[in-house]
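*Asks:* Here it is: the structure, laid out below.
The values are calculated or read from the model by the stated rules, or taken from the named source; none is laboratory data. Here the structure is a predicted model, which means the values were calculated and not measured. Glycine gets a Cβ as well: all are built from the backbone with ideal geometry, and neighbour counts include every protein chain shown. These accessible areas exclude ligands, DNA and RNA; they are computed on the full protein's heavy atoms, side chains included. Shrake-Rupley method; radii C 1.70, N 1.55, O 1.52, S 1.80 Å.
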Amino acid sequence: MKKIFIPTPLDESIVLPKDVTHHILHVFRHNIEKPITVTGSDNRCGIYQINDEINGLAQASLIEYIDSPISMHRTILVQSYLKGEKLEWVLQKATELNVDTVYLVPTSNCVAKYDAKKLQSKYSRWEKIMLEASQQCGRTQLPMLVVGEPLSNVLDIESESLKLVAYENEAGHTIKTALQSIHTNQTITDILICIGPEGGYQEKEINAIIESGGKSVSLGNTILRAETAAIGSLAMIQYELEL
């Protein structure tokens, strides 16, 4: 069933925006007789039947509301800025892996640099990538994207989470061992993984994460590219949580 998100609350009858209508009916060529799944800005989800298209706007009626699956855990990716397509790929695949929140942060060794103006234009593109990935994989809720917060602020905001940082020089602790604490500590509901840029974290940044209560972990016997580390670690977390 085709999945879409709209920027307005759900109701018994809804009108799909022009761009959404065009995508569904004219690009995707959706059969109007088949229902679609819609999530609104109120985070409710329902099954709708498209009745008509008037002036480029699809008119749809509610068949039934459906419950969104609720997870006991929340996964958080703190990703340092990466260059162009690498970062876009991470956002797309992290969305498919059901990440709840993505923080994109500037750190010392970032090759990619974004000023406030460039961040604003990039943010719209990044949001669109995550929206399209959510629709493609059938998510009922959009992940939250937060851009430009310093790493220290993110660690404060997510102070109650199990904080992990992937570090190539870590030899004693693996992500598998760190994640096993979830099963023995029932108070842990949020799992956060920090991934550095192409040049890795500086030691002071690793120390800051550890001082905030984080744990340095290894992702395996090989050194992974930043984008591989991000998606690999999220997949490991999903597996351990049996999501």
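*Asks:* Hey, what do the phi angles of the stretch 15-26 turn into as Karplus ³J(HN,Hα) couplings, whole Hz, using 6.51/-1.76/1.60 and θ = phi - 60°, x for Gly and Pro?
*Replies:* Karplus values, whole Hz, x for Gly and Pro: 10, 7, x, 4, 5, 5, 4, 4, 5, 5, 8, 10.
*Asks:* May I pose another question? Which of the three applies to the chain, rounded, prolate or oblate, going by the alpha-carbon gyration tensor with a ≥ b ≥ c and a/c under 1.5 meaning rounded? Don't skip to the end; give the middle numbers.
*Replies:* On the way: a/c = 2.56, a/b = 1.84, b/c = 1.40.
Prolate.
*Asks:* Starting from the coordinates of the alpha-carbon atoms of the stretch 1-48, obtain the Kirkwood hydrodynamic radius over all distinct pairs and give the value in Å to one decimal. Write down the numbers at each step before the final one.
*Replies:* Working: mean 1/r = 0.0915 Å⁻¹.
Kirkwood hydrodynamic radius for the stretch 1-48: 10.9 Å.
*Asks:* Moving on. Pairs to check: 118/204; 163/204; 117/204; 83/118. Give those whose C-alpha atoms are more than 20 Å from each other in this structure.
*Replies:* On the way: 118/204 27 Å; 163/204 16 Å; 117/204 28 Å; 83/118 13 Å.
Over 20 Å Cα-Cα: 118/204; 117/204.
*Asks:* Report the Cα centroid-to-centroid distance between the stretch 1-58 and the stretch 73-109 in angstrom, as an integer.
*Replies:* Their Cα centres are 28 Å away from one another.
*Asks:* In debye, nearest 20: dipole of the stretch 2-48 around its Cα centre with unit charges on the Cβ of K, R (+) and D, E (-)? Provide the component values of the computation, followed by the final result.
*Replies:* Details: 6 positive and 5 negative charges, 51 e Å.
Its charge dipole is roughly 240 debye.
*Asks:* Sequence-distant or interchain residues sharing an amide H contact under 5 Å with residue 74, placed H: which?
*Replies:* 190, 191
*Asks:* Right, next: Read phi for every residue in the stretch 79-88 and hand back ³J(HN,Hα) as whole Hz from Karplus 6.51 cos²θ - 1.76 cosθ + 1.60, θ = phi - 60°, with x for Gly and Pro.
*Replies:* In residue order, the calculated couplings are 10, 5, 4, 10, 6, x, 5, 4, 5, 4 Hz.
*Asks:* In addition: Which residues' amide hydrogens lie under 5 Å from the amide hydrogen of residue 108, considering only partners 5 or more residues apart or on another chain, with H built in the peptide plane?
*Replies:* For residue 108, whose amide H was placed from the backbone, the distant partners under 5 Å are 202.
*Asks:* Would you mind working out the accessible area per residue for the stretch 95-174, using a 1.4 Å probe, and quoting it in Å²? Kindly include the intermediate steps, with their values, before the conclusion.
*Replies:* On the way: 4210 Å² over 80 residues.
Per-residue value: 53 Å².
*Asks:* Once neighbouring chains are kept in place and the probe is 1.4 Å, which whole percent of the accessible area of the chain is contributed by carbon and sulfur?
*Replies:* Numbers: 6430 of 12850 Å².
Roughly 50 percent, rounded to a whole number.
*Asks:* Taking the Cα centre of the stretch 148-243 as origin, sum charge times position over the Cβ atoms of Lys and Arg (+1) and Asp and Glu (-1), and report the length of that vector in debye to the nearest 20. Could you put the intermediate results ahead of the total?
*Replies:* On the way: 5 positive and 14 negative charges, 54 e Å.
Approximately 260 debye in magnitude.
*Asks:* What whole-number value in Å² describes the accessible area per residue of the stretch 178-230 for a 1.4 Å probe?
*Replies:* On the way: 2670 Å² over 53 residues.
Normalised by residue count, the accessible surface of the stretch 178-230 is 50 Å².
*Asks:* Also, quick follow-up: Using only DSSP helix segments of four residues or longer, with each worth -39500 (n - 2.57), what per-residue ellipticity at 222 nm results for the chain after dividing by its residue count and rounding to 500?
*Replies:* Details: 8 runs with 81 residues, N = 243.
So the helix-based figure for the chain works out to -10000 deg cm²/dmol.
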